[in-house]
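Please treat every number below as a calculation from the coordinates, not as lab data. Fair warning: this is a prediction, and the values are worked out from it, not measured in the lab. Neighbour counts run over all protein chains shown; Cβ positions are idealised from the backbone, glycine included.
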Amino acid sequence: MGYADLHAHTTASDGSLSPTELVRLAANTGLAGLAVTDHDTTTGLQEASAAAQEAGIAFVPGVELSMKYEGHFHLLGYFIRPGHPGLDGRLAEIRQLRDLRNAAMVGKMNDLGLRIDLEEVESEAGGEVVGRPHMAMVLQKKGYVGSTQEAFDRFLTRGAPCYVPKAQLTPEEGIALVRAAGGVPTVAHPFTLHLEDAELERRLLEWRDHGLGGLECYYPAHSVEQTVYYLRLAERLRLVPTGGSDFHGASKPQVRLGCVYQGQGIPTEMLNRLRAAAG
Ligand code: AMP
Ligand code: ZN
Ligand code: FE
Ligand code: FE
């Protein structure tokens, strides 16, 4: 039995390693499986898949989407078919809206006297998905903040002075989009929903009726108690338990690839269960 990390970002969105570099790091770290889950894009998947084949590790093509209901959460899609026209077309629209949001956020930073422009943020990003971690990196490089976390806390987090919400799908649409592309819709880092146990369960049941298939039980920010709770919940609701580090590289330096739970990845058996649940 080997270990897997089923949540990681590349330069295709806001990670700092290219898909090939990420896969090589995974292999060098001793992982037997890896999912690439970039925000709002599937462009890194082809390169990552080829690199994984070469490195001899199991690869899960994934994506991470932002959902809005009364609250917010992230939806992972596992084993999606890259190049699926329905999914890729909708992602392109979401990225266009994201570009408008980024321009608005840079405008707010300028209003506060922070000298930063959109071109700098885009060149920090390098890829087609530009977001807040790139803004945080530029603010840090310019000396406005001592860390990317400080950039979020002071300027970029929801409720902070430069925050502008981004376009988000409803859970129903997001789940349907992932299913249509053959993937397993999975609620990411469930502690971020900030719901009481009963309310979380109610929501998960509602979304499961729409096609939700998995729950990210293992996540570095989950305590042991939370992990056990989510694992039991997943089993009870017949959702596939998953887990990942949410590795980003430089913009989230405290997170290490493959360190998901107690310093290790999750059993690759979960990867196989996800594959079996995919369309
Ligand atoms: P965006 O898609 O542009 O809204 O950026 C979302 C990403 O920013 C997330 O995936 C996290 O990596 C990071 N992020 C969001 N909120 C915070 C926060 N409060 N502190 C640190 N990083 C954050
Ligand atoms: Zn991210
Ligand atoms: Fe996320
Ligand atoms: Fe993520």
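Provide 141, 166, 68 in ascending order of the number of other Cβ atoms located within 10 Å of each residue's Cβ, fewest first. Present the calculation step by step, with values, prior to reporting the outcome.
Numbers: 141 12, 166 19, 68 15.
Ordered from fewest to most neighbouring Cβ atoms within 10 Å, 141, 166, 68 come out as 141, 68, 166.
Rounded, prolate or oblate, given the Cα gyration tensor of segment 155-279, with a/c below 1.5 counting as rounded?
Rounded, because the longest to shortest axis ratio a/c is under 1.5.
Sticking with the crude label model, points 7 Å out along Cα→Cβ, report the distance from residue 150 to residue 68 in nm, one decimal please.
Once both label points are built, they end up 3.1 nm from each other.
Which GluC sites (Glu not before Pro) does segment 105-203 hold that lie in a coil by DSSP with at most 10 other beta carbons within 10 Å?
Numbers: sites: 119, 120, 122, 124, 128, 150, 172, 173, 196, 199, 201; in loops: 128, 196.
Hits after loop and neighbour filter: 196.
For an R0 of 25 angstrom, estimate the FRET efficiency from the Cβ-Cβ distance between residue 223 and residue 269 and round to the nearest 0.05.
FRET efficiency, residue 223 to residue 269: 0.65.
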